[in-house]
Amino acid sequence: MRAVVVREPGPAENLEPAELPRPTAGAGRVVVRVGAVGVNPVDATNRADPSWAGIEPPYVVGYEVAGWIEEVGPGVTQFARGDAVWGMCPVRGIRWGAYAEYVELEAGWVGVRPALLGVVEAAAIPLAGSTALQLLDRLALQAGDAVLVHGASGGVGRLFVQLARMRGIRVAASSSKARHPLLRNLGIEIVIDREQGDVVDAAVHHVGGPLDGVADCAGHGALAASLIGVREGGSAGSIVELSGDFEEAIDRNLRLHGVLVRPETETLDTLRAAVERRGLRPVVDAVVELDAIVSTHRALDAGQGEGKVVLRFADTGG
């Protein structure tokens, strides 16, 4: 099968097209024929240095896929060959990732993909969508609550704000001014320029009182700096880092969460329902083929692009 292999960690040029043996499905696992793969900044991070992910070369990067069941292993009863599915790998410990024509996954990391999305759009959701949903669940906000979202226009943030609005949560979205139109197109009414003034003060002003929660999808100490604006007993969570002075979390008796995404069918099924019943959508910037993967990673390294890039394999079917 075709795959993109990293034999030596380093720059984008170290992504090497290769032929690898097709995997077979072990007990409790499935082999997915890959139609498309979501390309994420963490892929470039792992390409350059896989130590965080706990893997050693040679390896294949990539976490999220959309495609079709090719083979089911012993004990798998919920899927059959040909089923249209999406899924994702755990973010640590997976050596043979998604940049390949076939990928073997535990059945519990796979779900039926939304009928309303083509395979390319579907590939843009599992990783960022699962991260956003699991962060939102951990914050335990209720309808009518107000949340400040740092990095709201990023890959996770733009799905988080959609999911929060679907639950009736008031969203104050912080981002660069250039991405305000994107957020407004997603239905966000309170959009704050992160480069102008105090973001927390602006959020508190716009929602008319203390925040019920803050979600950090950007890092750079944003979470700790925002706690002053959260009400007593509120919640705060980050998918990026827990750094800075968290004394306010103790003084205000806040629930503090660091979230590392888990692959699970239940989360994927909730995302599918959000797509099919509530209109959850990814923002896809570009669709590329295998011969463009090096230039795509160069762009990731440079922080270019507003939406998701999806790597499409030649036979996408439907």
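The values are calculated or read from the model by the stated rules, or taken from the named source; none is laboratory data. Model, not experiment: these values are computed from the prediction. Virtual Cβ from ideal backbone geometry, glycine too; neighbours counted across all protein chains shown.
With respect to Pro263, is the statement that it is on the phi < 0 side of the Ramachandran plot and in contact with a Cys (Cβ under 7 Å, 6 or more places away or on another chain) true?
Yes.
Can you tell me which of (1) touching a strand residue (DSSP E or B) at 6+ places or on another chain (Cβ under 9 Å); (2) hydrophobic (A, V, I, L, M, F, W, C); (3) more than 29 Å from Ala18 (Cα to Cα); (4) not in a loop (DSSP other than H, G, I, E, B) is the one Val85 doesn't meet?
Just one mismatch for Val85, condition (3).
Kindly indicate whether Glu241 is under 26 Å from Ala128 (Cα atoms), out of contact with any Ser or Thr (no Cβ under 6 Å at 6 or more places or on another chain) and not assigned by TED's automatic domain parsing to the domain that holds Leu159.
no
Against the condition touching a helix residue (DSSP H, G or I) at 6+ places or on another chain (Cβ under 7 Å) and not assigned by TED's automatic domain parsing to the domain that holds Pro181, how does Leu271 come out, does it pass?
Values: touching a helix residue (DSSP H, G or I) at 6+ places or on another chain (Cβ under 7 Å): yes; not assigned by TED's automatic domain parsing to the domain that holds Pro181: yes.
Considered against the rule, which asks whether it is touching a helix residue (DSSP H, G or I) at 6+ places or on another chain (Cβ under 7 Å) and not assigned by TED's automatic domain parsing to the domain that holds Pro181, Leu271 comes out as yes.
Looking only at residues in region 280-298 that are under 22 Å from Leu183 (Cα atoms) and modelled with pLDDT under 95, which one is nearest to the chain's Cα centre (by Cα)?
Among them, the one singled out is Pro282.
Please work out which one of (1) buried (at least 22 other Cβ atoms within 10 Å of the Cβ); (2) more than 17 Å from the chain's Cα centre (by Cα) is the condition Val161 fails and give its number.
(2)
Just for helices (runs of 4 or more DSSP H) wholly inside region 104-210: which have at least 3 residues that are among the polar types (S, T, N, Q) and either within 28 Å of Val287 (Cα to Cα) or free of Cβ contacts under 8 Å to residues at least 12 places away in the same chain (or both)?
By residue number, 126-139.
Report yes if some residue within region 245-266 is buried (at least 20 other Cβ atoms within 10 Å of the Cβ), more than 18 Å from the chain's Cα centre (by Cα) and modelled with pLDDT of 95 or more; otherwise report no.
Looking for residues that are buried (at least 20 other Cβ atoms within 10 Å of the Cβ), more than 18 Å from the chain's Cα centre (by Cα) and modelled with pLDDT of 95 or more, one finds at least one in region 245-266, hence yes.
Within region 100-108, is there a residue that is more than 26 Å from Val6 (Cβ to Cβ) and either at pLDDT 95 or above or not assigned by TED's automatic domain parsing to the domain that holds Ala18 (or both)?
Yes, some residue in region 100-108 is more than 26 Å from Val6 (Cβ to Cβ) and either at pLDDT 95 or above or not assigned by TED's automatic domain parsing to the domain that holds Ala18 (or both).
Specify which of the listed residues (Val119, Val112) is assigned by TED's automatic domain parsing to the domain that holds Val287, modelled with pLDDT of 95 or more and buried (at least 20 other Cβ atoms within 10 Å of the Cβ).
On the way: Val112 fails: buried (at least 20 other Cβ atoms within 10 Å of the Cβ).
Checking each option against the conditions leaves just Val119.
Of (1) under 26 Å from Arg312 (Cβ atoms); (2) in contact with a Ser or Thr (Cβ under 7 Å, 6 or more places away or on another chain), Leu159 satisfies all except one. Which?
(2)
Of all the strands (runs of 3 or more DSSP E) wholly in region 1-77, which have at least 2 residues that are of a type outside the set (A, V, I, L, M, F, W, C) and under 19 Å from Ser295 (Cα atoms)?
15-19
Could you tell me whether Ala132 is out of contact with any Gly (no Cβ under 7 Å at 6 or more places or on another chain), outside the structural domain of Pro41 (by TED's automatic domain parsing), surrounded by 24 or more Cβ atoms within 10 Å (Cβ to Cβ) and within 20 Å of Val310 (Cα to Cα)?
Against the criterion (out of contact with any Gly (no Cβ under 7 Å at 6 or more places or on another chain), outside the structural domain of Pro41 (by TED's automatic domain parsing), surrounded by 24 or more Cβ atoms within 10 Å (Cβ to Cβ) and within 20 Å of Val310 (Cα to Cα)), Ala132 qualifies.
Taking region 211-229 only, how many residues are under 21 Å from Gln142 (Cβ atoms) and part of a loop (DSSP other than H, G, I, E, B)?
Summing the residues that are under 21 Å from Gln142 (Cβ atoms) and part of a loop (DSSP other than H, G, I, E, B) in region 211-229 gives 1.
Name the residue that is surrounded by the fewest Cβ atoms within 10 Å (Cβ to Cβ), counting only residues in region 211-231 that are in contact (Cβ under 8 Å) with a residue 60 or more places away in the chain and small (Gly, Ala, Ser). Don't jump to the end; show me each part of the working.
Step one: list which residues in region 211-231 are in contact (Cβ under 8 Å) with a residue 60 or more places away in the chain, which gives 211-219, 222-223, 226, 229.
From the residues that got through so far, the ones that are small (Gly, Ala, Ser) too are 213, 215, 218-219, 222, 226, 229.
Numbers: Gly213: 26, Ala215: 34, Ala218: 23, Gly219: 15, Ala222: 25, Ser226: 24, Gly229: 25.
Across region 211-231, the extreme among qualifying residues is Gly219.
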